[in-house]
Ligand SMILES: [Zn+2]
């Protein structure tokens, strides 16, 4: 059960993921909520528009299929435009096998079969990617990349894996979308397994890009030999230690170095600063450090990323092995 993100959270999540977002007409209150629920979300559905200049159509819909026809329209340029918030007429119904694979984040997405008993519109976010859908019109790299970022933003917000993302053609045999070559007219066909791989790769990166705001003032480096911490050990510890009993450790040597730096930054109380456990207090302190670096939202989740950790090391005298 996932409660939908608020409209403003939706915008922010997309922007944090590097998507160029615009808002269209009254999208924040434009929905089909009077026709059914949109309160328990389980996944993300990728579509192509099967047309061109489809922005207004995605908002208004058509005779027999009122809009919004998705939540976001994605232009060839990669520009994402919000057209609906709430229930939208994009997915239709799904058979249980396809829906359950998405909902349970199965690593395989079976060919949809059986009666279409699930109300897909109740449980999914949808994007319409501008493309003729004739198998020849290609998705420019910028557009494809924006689609990956769009799906990643939603997954990141909800803590979903890339296996929460399906193509419309994986939800029902009634549809063929998304279809068409990617990157160039002779590029590879839009492949949902590849798309999920691209989303998964994005979800791993996070705070590896340079911080969006001005960096913290560098201080003079320590003269003595610097300790080295291992980024993957720290990520593992930050994910595991909070679930262990108080003070439980997995990579104490690396964690102690970071704890000392967080204490020196005034972000971690002395009582927790040398136990070598990346517990919830240390996660909270690291989140404050990420925020100090200019990260926001899900990019500041308290799990060390390469850029923020290197910045902390540069300031507090340790090196990072990544
Ligand atoms: Zn579709």
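The values are calculated or read from the model by the stated rules, or taken from the named source; none is laboratory data. These figures come from a predicted structure and were not determined experimentally. No Cβ is skipped: glycine too gets one built from the backbone with ideal geometry, and neighbour counts run over all protein chains shown.
Values computed for the structure shown
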| quantity | calculated |
| --- | --- |
| Residue 184, sole failed condition from (1) under 28 Å from residue 299 (Cβ atoms); (2) away from the ligand (no atom under 16 Å from the Cβ) | (1) |
| Residue 69 vs. criteria within 16 Å of the ligand (Cβ to nearest atom), modelled with pLDDT of 95 or more and not in a loop (DSSP other than H, G, I, E, B) | no |
| Residues within the range 110-128 that are assigned to a loop (DSSP other than H, G, I, E, B) and either within 16 Å of the ligand (Cβ to nearest atom) or surrounded by 19 or more Cβ atoms within 10 Å (Cβ to Cβ) (or both), tallied | 2 |
| Residue that is within 15 Å of residue 158 (Cα to Cα) and either more than 20 Å from the chain's Cα centre (by Cα) or not assigned by TED's automatic domain parsing to the domain that holds residue 123 (or both), where the choices are 2, 56 | 2 |
| Selection count where residues are in a helix (DSSP H, G or I), crowded, with 17+ Cβ neighbours inside 10 Å and modelled with pLDDT of 90 or more, scope the range 253-280 | 10 |
| Top-ranked residue of the range 52-74 - restricted to ones that are in contact with a helix residue (DSSP H, G or I) (Cβ under 7 Å, 6 or more places away or on another chain) and touching a residue at least 60 places away in the same chain (Cβ under 8 Å), ranked as farthest from residue 119 (Cα to Cα) | 74 |
| Verdict on residue 88 being surrounded by 15 or more Cβ atoms within 10 Å (Cβ to Cβ), more than 24 Å from residue 12 (Cα to Cα), under 24 Å from the mean Cα position of the chain (by Cα) and at pLDDT 95 or above | no |
| The range 281-316: number of residues that are touching a helix residue (DSSP H, G or I) at 6+ places or on another chain (Cβ under 8 Å) and not in a helix (DSSP H, G or I) | 9 |
| Options 98, 91, 151; residue that is within 16 Å of the ligand (Cβ to nearest atom), touching a helix residue (DSSP H, G or I) at 6+ places or on another chain (Cβ under 6 Å), part of a loop (DSSP other than H, G, I, E, B) and in contact (Cβ under 8 Å) with a residue 24 or more places away in the chain | 91 |
| Only one of 166, 176 that is in the same structural domain as residue 20 (by TED's automatic domain parsing) and either away from the ligand (no atom under 14 Å from the Cβ) or surrounded by fewer than 20 Cβ atoms within 10 Å (Cβ to Cβ) (or both) | 176 |
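Every residue, every condition in (1) assigned to a loop (DSSP other than H, G, I, E, B); (2) within 23 Å of the chain's Cα centre (by Cα); (3) surrounded by fewer than 14 Cβ atoms within 10 Å (Cβ to Cβ), yes or no:
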position: 13; (1), (2), (3): no, yes, no
position: 28; (1), (2), (3): no, yes, no
position: 34; (1), (2), (3): no, no, yes
position: 38; (1), (2), (3): yes, yes, no
